[in-house]
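Please read the structure below before turning to the comments.
The values are calculated or read from the model by the stated rules, or taken from the named source; none is laboratory data. The structure displayed is predicted, hence computed values, not measured ones. Backbone-built Cβ (ideal geometry, glycine too); neighbour counts: all protein chains shown. For accessibility, only protein heavy atoms count, side chains too; no ligands or nucleic acids. Shrake-Rupley method; radii C 1.70, N 1.55, O 1.52, S 1.80 Å.
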Amino acid sequence: MHQIELRNIALEYASTENHVTALQDVSFSVEASEFLCVVGQSGCGKTTMLNIVAGFLKPTKGEILIGGKAVTGKGLDRGVVFQDFAQLFPWRTAQRNVEFGLEMKGISKEERAEIALRFLKLVNLEKFARSYPHELSGGMQQRVAIARALAYNPAVLLMDEPFAALDALTREEMQRFLVDVWRETKKTVIYVTHNVAEAVYLADRIIVFSPHPGTVKAQVKIALPRPRDTLSVEFLNYQKEVVYHIVERK
Amino acid sequence: MNRSRTRAALGALCSVGLACLIWEGFARSGLFAPALAPSLTLIVSALGRMVLSGAMLWHALYTLYRVLFGFVLASAVGVFIGILMGRFRRVERFFVPLVSVLMPIPSLAWVPVFILWFGLGNAATIALVFYAATFPAIFNTWTGVRSVNRLWIRSAEAMGADERALFQKVVLPGSLPFVIAGLRQAFARAWIAVVGGEMIAATNWGLGWVIFDSKEFLNTDVMMASLAVIGIIGFTFERLIFQTIEQRTVSRWGMVKTVRG
Amino acid sequence: MRRALIPFVEAVLPFVVVGILWQAFALLGPFPPRLFPGVETIFSTFVRLVAKGILPIHALSTLLRLILAFSLAGLLGVALGIIMGRYRWAEDFFLPLTSIGNPIPGLAYAPLFVLWFGLGNLPAVLLVAFAAAFPIVLNTWTGVKAVKEIWIRAAQAMGAQDRQLFWKVVLPGALPYVLTGLRLGLARAWRVLVAVEMLTSVRLGLGWLIFGAREFLNTDVMLAGIAVIGLVGFLLEKLVFQKLEQLTLVRWGMMEA
Ligand SMILES: Nc1ncnc2c1ncn2[C@@H]1O[C@H](COP(=O)(O)OP(=O)(O)OP(=O)(O)O)[C@@H](O)[C@H]1O
Ligand SMILES: [Mg+2]
C-alpha cells in the first residue's frame, strides 16, 4: 500500500475573468519514508498540488488517498512548511511556536515544553527557545518552522520551497541538515522546489511537472548513496537528465 | 537606551524651561494686561491653590470618570463589532456603509442634540465620548482582522486548530497591532470629546468646564492651570499607558516599530 | 440588470434598517416629537433649509473657514517641520514642545483664544490652524529625518549644493510623510472646526447653526445640519483623504522598491 496516492487530480481556478486549469490528470504515489521532490517551471502548479495534498484546496476532480483512505480536508497526519518566513507567529517565542500543534492536541504544559525543546534541539536551536521570530535570522526561522511541523508528529511533511529565500551557503547547510532530520525521523516528505541540484541532492525520486495545464511529465529515481557528492559525475548526469525533462518540448 | 532617554528628558526640560522664560518675559513686558497674559507665578499659584483646596482633584476625577466610562464602553462595543465585521461578510456589508457615513461627523456636532436628549451633565458627555471613540475602535479592529496573514491561518489549521482556537490564538493576537492603534486613536478622540463636551454640556465639575467657566471672570491663570492638567493627563495616557502596552506586546514581537519623538 | 441592482440594495439596506429603527423610536420612544423628530420631519426640514439657501450658505462659510485655517496650518507646519528636521537647535527646542502640545485637545484653548482675539472669525480660524498644525509639523519632521543618508551622500558626490540638495533630495524624500501629515491635519481641522464655531459665536457656519437651534428646541434643524456635516465630511474623505492616501501609498511603494 502506498503512503500517499493522488488519483487523476484536476484543479481549475475560476475567477470572474478567466478559468485557469492549474492541474490536469495528475496521478502519482509516494511510499512511506520516501523523500519525493517535485520540480518544474514557475507556474506549473507545484504549489497548487501541495495545497491540495495539505487540504487547503479542494480538487475539481480526482481523489487523494493517505494510508489507503480517501481524505478531503486538513489533518494532523500532514505537517506543512511554507517558503515565507512570515509563517511563524510573531507573538510567540520559538518554543511557543513549536508548541502550537501540541496545544491543539490538548497535551499538558510540561509535556509540551519538553517535546518542543527536544525538537528545537533537533534543529540546533535549543538556546533560542525564548527568542521571538524577529530576533532570529531567516535560516533559523525556517528551522523553527520545520521543528514546528515535526513536533506534533505527522507522518507526512509537505514543504514548498522552504529554503528558496535563503542565501546559497545557508541553503546548502539547511539541505544537509534536512537529510539528517529526515533520516532520523523517517518521515514521508513531499518537497517542492525549482532548483534541480537541490532536488537531486535531497530526493529518492523526482517528479517533473510540465505547465499549462500542470501534469506529471516524467519521473526520475535517484539511486545515489547518501551523503551525496554534488560534484561527482553521476550527480551531474542526474542533474542533466532532470533538466532535459524540464526543458523538452511536448 | 537608558542614557539616551535621560538625555532626551533633560533636553525636553531645557526647552520647556526656555519656553517658560520667553512666556514670562512676554507676560511681564506689559504689552498685555495680566488678566490676559498671566505670568508663571500667577499660573503656578492658581494651580497650587486649586490642588490644595482639592478642587482640581475633583475636576480631574469627574473628567476621568466621564472619559473612561465612555471609552471602555466604546472599546468593548467597537472591538466586538470590528471583529464580527472582519469575520463575517454579511456583518461587514451591513456596517461598512454606516460607519463610513457616521465616522466623518465630528463628535462635537452632536453636543446640542445630546444636551436636548440627555440634559446637561454626565449622560450627555459620556454619550459624546462614546460616539467619538467607537468608530476608530471599529474601523481599526476590522482592518486588523482582515489583514491577518493568510500563512498564519494555514499553519494553524495544518496543526489542527479549530474555529475557536484559530480565533483566540491566531486572529486575535495577529490583529493586535491594529486593535491597539485603534484604541489609542479612540482615546485621543475621547479626550478631545470630553473636554469639548464639558465646555458646552457640563455643570459645575470637570476640567473643560473650569476652563470655560473661568472665561467669564477673566481668570486666565485658572484656565492655564487647567490646561496644564489636561495636557499632563493626556500625555500620561498616551505615553505611559498605551506606549507601555505596545512595548510589552506588539513591539516585543517585532510586529511594529515604536516611534519615539 | 439584476446584477447592477444588488450592490445598490446592499448599500441602501443598512440605512433603511436604521431609518425604520429611528422612526419606531420616534413614534414609540419616551421623547416628544419636538426632541426626537421622525425621519419625514428631518427630511422636510432639510429640503426647506436647502431651498431657502440657509444650509448652503452655512456650509459654504464653514468650508471657507476650513480652507483658510488648513492653508495656514499647512504652510507654517511644513515650514517649521523642515526647519526642525534640518537644524539641530530647532529640533532641540521645538520637538519637546510639539510632542507635549500634540495630545492636548486644541479645543481646550478656545476660551483663551476668545479672550485674546475676541469673538468671531479670527479666533476660530487661528485656533483650527493651531490644532491642525501639530500632526503636520511632527510628520514633516519625521519625513526629513527619514531621508536616507546615502541619498544625500550620493547627491553630494554628484556635486549637489545645499539648495539643490534640499529641493531635489530632501523634499521629495520627505514627501510621503508630509502628505500623511497634511491628511491628518485636515482631518483634525475638520473635527475641531464645528465645535470651535459653537464656542466663538461666528455668524455663519454649520456649528453655529446647530448650536443656535438649541435655543428654540429645533431638533430637526440640528439633525439636518448634522446630515450636511456628515455629507461634507464624507466628501472630504472620498475626494481628498483617499486621494492623498493613494498618493502616499504609491510613494511608499516606490520607496520600498
Ligand atoms: N489563487 C489563484 N487564482 C487563480 N489562478 C491561480 C491562483 N494561484 C495560482 N494560479 C495559477 O495556477 C497556476 C499554477 O500556480 P502555482 O502557484 O501552483 O505554480 P507553482 O508551480 O507553484 O509556481 P512557482 O514555482 O512560481 O511557485 C499558475 O498559472 C497561476 O497563474
Ligand atoms: Mg509555488
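Details
- For GluC sites (Glu not before Pro), the sites in region A:142-250 that DSSP calls loop and that have at most 11 other Cβ atoms within 10 Å are A:Glu248.
- Lys, Arg +1 and Asp, Glu -1 on Cβ, resulting dipole of region A:155-250 about Cα centre, debye, nearest 20: 400
- Relative contact order for chain C, counting Cα pairs under 8 Å that sit 6 or more residues apart, in percent: 25
- Only the Cβ atoms of Lys and Arg (+1) and of Asp and Glu (-1) were treated as charged; on that basis the dipole of region B:46-251 about its Cα centre amounts to roughly 700 debye.
- Compared with its chain on its own, region B:197-241 contains the following residues whose accessible area drops by 30 Å² or more in the full protein assembly (probe 1.4 Å; ligands, DNA and RNA excluded): B:Met199, B:Ile200, B:Phe212, B:Lys215, B:Met223, B:Leu227, B:Gly231, B:Phe235.
- Share of carbon and sulfur in the accessible heavy-atom surface of region B:20-142 [1.4 Å probe, %]: 78
- Computed [θ] at 222 nm, helices only, for the protein assembly as shown once each DSSP H run of length n ≥ 4 contributes -39500 (n - 2.57): -21000 deg cm²/dmol
- Positive-end ranking of C:Phe46, C:Thr62, C:Tyr87 along the dipole of region C:23-95, with charges on Cβ about the Cα centre, is headed by C:Phe46.
- Pair-distance distribution P(r) for region B:46-251, from all Cα-Cα distances in 5 Å bins starting at 0: 1, 8, 13, 16, 16, 13, 11, 8, 6, 4, 3, 1, 1, 0 percent.
- Compactness of chain C - radius of gyration and Dmax, Cα, Å: 23.1, 77
- Computed over protein heavy atoms with a 1.4 Å probe, the accessible surface of region B:46-251 works out to 40 Å² per residue.
- Rolling a 1.4 Å probe across all protein chains gives A:Lys74 an accessible area of roughly 100 Å².
- C:Ser201 accessible area, assembled protein chains, probe 1.4 Å, Å²: 50
- Separation in nanometres of the label points that stand 7 Å from Cα toward Cβ, at C:Phe216 and A:Thr230: 8.6
- Note on exposure: B:Leu47, A:Leu231, C:Leu95, B:Leu57 ranked by accessible area (1.4 Å probe, complete protein assembly) read A:Leu231, B:Leu57, B:Leu47, C:Leu95, with the most exposed listed first.
- Buried surface for the A/B pair, taken as the accessible area of each chain alone minus that of the pair with a 1.4 Å probe, is close to 2100 Å² in total.
- Residue separation of B:Thr249 and B:Ser53 scaled by 0.36 nm, minus their Cα-Cα distance, works out to 66.5 nm of gained length.
- Qualifying trypsin sites (Lys or Arg not before Pro) in region C:140-228, DSSP loop, other Cβ atoms within 10 Å at most 15: C:Lys148, C:Arg203
- Whole-number Å³ per residue for the convex hull built on Cα positions in region A:76-225: 124
- For region B:46-251, the relative contact order comes to 28 percent (Cα pairs under 8 Å, sequence separation of at least 6).
- Estimated FRET transfer efficiency when R0 is 60 angstrom, pair B:Glu24-B:Phe88 (beta carbons, to 0.05): 0.50
- Sparse packing (at most 13 other Cβ atoms within 10 Å of the Cβ) combined with a DSSP loop state is found for the following trypsin sites (Lys or Arg not before Pro) in region A:149-226: A:Lys186.
- A viscosity of 1.306 mPa s and a temperature of 10 °C, combined with the Kirkwood radius over C-alpha pairs in the Stokes-Einstein formula, give the protein assembly as shown a diffusion coefficient of 52 µm²/s.
- Centre-to-centre, using Cα atoms only, region B:100-122 and region C:31-81 are separated by 15 Å.
- Simple label model, 7 Å out from Cα along Cβ direction - C:Ala160 to A:Ser42, nm: 3.2
- Those aspartates and glutamates that a straight Cα-Cα span of less than 12 Å connects to A:Lys46, excepting residues fewer than 8 apart in one chain: A:Asp160, A:Glu161
- Cβ charges +1 (Lys, Arg) and -1 (Asp, Glu), total dipole of chain C, debye: 440
- Residue pairs exceeding 29 angstrom between C-alpha atoms, taken from A:Lys127/C:Lys148; A:Lys69/A:Lys105; A:Lys105/A:Lys221: A:Lys127/C:Lys148; A:Lys105/A:Lys221.
- Spacing of the modelled spin labels on C:Leu27 and B:Ala165, each 7 Å from Cα toward Cβ, amounts to 5.2 nm.
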